[in-house]
Amino acid sequence: MGDDLLIQTNNISLKQIAESGQCFRMNQISEKRYGLVAFGEYVELLQLDDCRAEVLGVPQEMLPVWEDYFDLGYDYGSVVKMLCKGEDVFLRKAAAFGSGLRILRQEPFETLISFIISQNKNIPAIKKIIEKICLTYGEKKRRRIKGGSDIAYYAFPAPEKLAEAGKDALRTLGLGYRDEYVHGAALAVAEGRLDLCKLKDKSCEEVILELMELRGVGRKVASCVALFAFHKLESIPVDVWINRVIEEIYGGSFRWETYKNQAGLIQQYMFYYIRNGR
DNA sequence: GCCCAGGTGGGAG
DNA sequence: CTCCCACATGGG
């Protein structure tokens, strides 16, 4: 089986994280329960109360990885408090509304492919295609979570699998014109031209520029990978929603420099609030 | 049937 | 530099 990881920290909301648009394989099962596939494992997440959550089905040796995944070492409470006390009315509301958000440390390759797919697509469509990719090319596994039934799930495929698949086969999954982008990125990683492991230690801007070498990866997608996989909190993905905030709330420009190493997190509060709050 | 989606690449001005 | 368009597909 596996052990269960009890997470005790302020500012954790599974609901908010699942709806935050940073991950695409975290799905609600029931009121306070979510299912998630990552690191080739299926786990279930349980919201116990405002400051406690539980990860069910974690193998012993994977405990540190999952603690890392949920970024337990970072004090989100202090950022929320700072914003709620600040003068920016919009950010005050945004931080209060999304106070349970966290920036996950997701697997780089999966994050890269996911956000290549995300371009010009809405979140439900993105999730559907990713699931189809996993179903078609990912390894099939089984797992029983305590108090649940036997679950079959599919890991996110390795770069080699998607590289071998070829873009014509990928097209049939509904990727549209993104087929060559996905295939090209998988090939670059599989052939070692792009070493995702090495990016981890580089600066935010270096990560973004290197990822932008890939065809189909612009600044927005690269920024998402930098933020949601490599945890570069100064990375600021600017999409149609953030542009909408800047236009409608801030009259055309926003001073990101004010928030430096928290800019990416600020961006996430904005994104979540404008889409789900007001 | 219509509009739009966590954009990008390419070209024109 | 900024504007503008095509791109393939599907959700609401």
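Each reported figure results from applying straightforward, stated rules to the coordinates on display, with no laboratory input. What you see is a predicted model; the values in this text were computed from it and never measured. Cβ placement follows ideal geometry from the backbone for every residue including glycine, while neighbour counts extend to all protein chains displayed.
Before moving on, here are some points about what is shown:
- Remark: segment A:228-278 projects, on average over all directions, an area of 3.5 nm² (convex hull of Cα atoms).
- The distance between label points at A:GLN60 and A:ARG275 comes to 3.9 nm (points 7 Å beyond Cα on the Cα→Cβ vector).
- Estimated distance in nm for a label pair at A:TYR74 and A:GLU191, the labels positioned 7 Å out from Cα along Cα-to-Cβ: 3.4
- Here A:LYS140 and A:THR172 are evaluated by their C-beta separation; at R0 = 25 Å the FRET efficiency comes out at 0.80.
- Distant-in-sequence amide H partners of A:PHE156 (H built 1.01 Å from N, under 5 Å): A:GLY40
- Here the Kirkwood formula puts the hydrodynamic radius of segment A:98-219 at 15.7 Å, using every distinct Cα pair.
- Remark on A:ILE151: its backbone amide H falls under 5 Å from those of A:ARG143, A:ARG144, A:ILE145, a criterion applied only to residues 5 or more positions apart or on other chains, H modelled at 1.01 Å from N.
- Value of [θ]222 nm, deg cm²/dmol, for chain A, DSSP H segments ≥ 4, -39500 (n - 2.57) each, nearest 500: -12500 deg cm²/dmol
- Computed from the alpha carbon positions, the gyration tensor of chain A leads to an equivalent ellipsoid with semi-axes of 28, 25, 17 Å, biggest first.
- Taking the average, over residues, of other Cβ atoms within 10 Å as the packing measure, peptides A:172-182, A:11-21 rank A:11-21, A:172-182 from highest down.
- Rg/Rg_ref, segment A:145-205, where Rg_ref = 2.2 N^0.38 Å and atoms are Cα: 1.52
- Label-to-label distance, nm, for residues given as A:VAL89 and A:LYS15 (7 Å Cα→Cβ offset): 2.7
- Between segment A:1-62 and segment A:207-239, the alpha-carbon center distance in angstrom: 25
- P(r) of segment A:43-121 over all Cα-Cα pairs, binned every 5 Å from zero, in whole percent: 3, 12, 16, 18, 16, 17, 13, 4, 1
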